[in-house]
Amino acid sequence: MTMVCYRPEGLEQLEAQTNFTKRELQVLYRGFKNVRPTRPLESQECPSGAVNEETFKQIYAQFFPHGDASMYAHYLFHAFDTTQTGSVKFEDFVTALSILLRGTVHEKLRWTFNLYDINKDGYINKEEMMDIVKAIYDMMGKYTYPVLKEDTPRQHVDVFFQKMDKNKDGIVTLDEFLESCQEDDNIMRSLQLFQNVM
């Protein structure tokens, strides 16, 4: 019996849709299909070409051994899984990676807004922001320096809303988010950090 392995859609098509070269896509695909979680969940001989949320969380947790990355990985997974299929295919992965590494400022900010807009209603409310900020602090772990106080996430969210909720209606729209981020030199610098990673 012959087993058919997953192959990504044509590299030429992905090259046209992303900011990666054909060679870079080949390298990324080799890495993507060979990634293994800490517990083997799928066949070693023929990867499915897609990662489910549990596997994604296991892989992501390896990068943050001193914290609990599960909730942040959950939110990140759902931002990568744009078709809401419950799995991230190679195409989903490289499309998002292309935006995050080589996209325009507007594309990166739009992607980040989508990550924070957990319920996908087109707005970021304080609860969503609090969930993301707490997930980031949990991911970083108890060994951060300086040591964080219990109310630090709430303070972070309050500062975020003071800066970004321009009309003070309790929600941040995409336009408010884009405007506020582009006015903040620290945010703009952070968007450039991974520009030349590959």
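The values are calculated or read from the model by the stated rules, or taken from the named source; none is laboratory data. Just so it is clear, the model here is predicted, and its values are computed rather than measured. To get the accessible areas, we keep the full protein, side chains included, count just its heavy atoms, and leave off ligands, DNA and RNA. Shrake-Rupley method; radii C 1.70, N 1.55, O 1.52, S 1.80 Å.
How much of Lys168 can a 1.4 Å solvent probe reach, expressed as accessible area in Å² and rounded to 10?
Only protein atoms counted, so the area is about 130 Å².
Any chance you could look up the accessible area of Glu53 with a 1.4 Å probe, heavy atoms only, rounded to 10 Å²?
40
Which values of log₁₀ I(q)/I(0), to two decimal places, follow from the Debye formula for the stretch 87-146 at q = 0.30 Å⁻¹ with a uniform point scatterer at every Cα?
Result of the Debye calculation: -1.07.
Given a cut-off of 21 Å, name the pairs among Lys33/Lys120; Lys57/Lys134; Lys57/Lys108; Lys22/Lys89; Lys108/Lys163 whose C-alpha atoms lie farther apart than that in the structure shown.
Lys33/Lys120; Lys57/Lys108
Give the dimensionless ratio obtained when the Cα radius of gyration of the stretch 60-198 is divided by 2.2 N^0.38 Å. Please list the in-between numbers first.
Numbers: Rg = 15.3 Å, N = 139, 2.2 N^0.38 = 14.3 Å.
For the stretch 60-198, the normalised Cα radius of gyration is 1.07.
Might you work out the accessible area of Leu193 for me, using a 1.4 Å probe with all protein chains in place, and round it to the nearest 10 Å²?
Using a 1.4 Å probe on the heavy atoms, I get roughly 120 Å².
Provide the per-residue ³J(HN,Hα) series for the stretch 68-75, in order, calculated from phi with Karplus coefficients 6.51, -1.76, 1.60 and θ = phi - 60°, each as a whole number of Hz, with x at glycine and proline positions.
10, 8, 4, 5, 5, 4, 4, 5
Would you pull out the residues with amide H under 5 Å of Ala50's amide H, same chain only if 5 or more places away, H placed 1.01 Å from N?
none
When the accessible area of the stretch 64-190 is split by element with a 1.4 Å probe, what percent falls to carbon and sulfur?
Numbers: 3820 of 7000 Å².
Taking all protein chains in place, the stretch 64-190 shows 55 percent carbon and sulfur surface.
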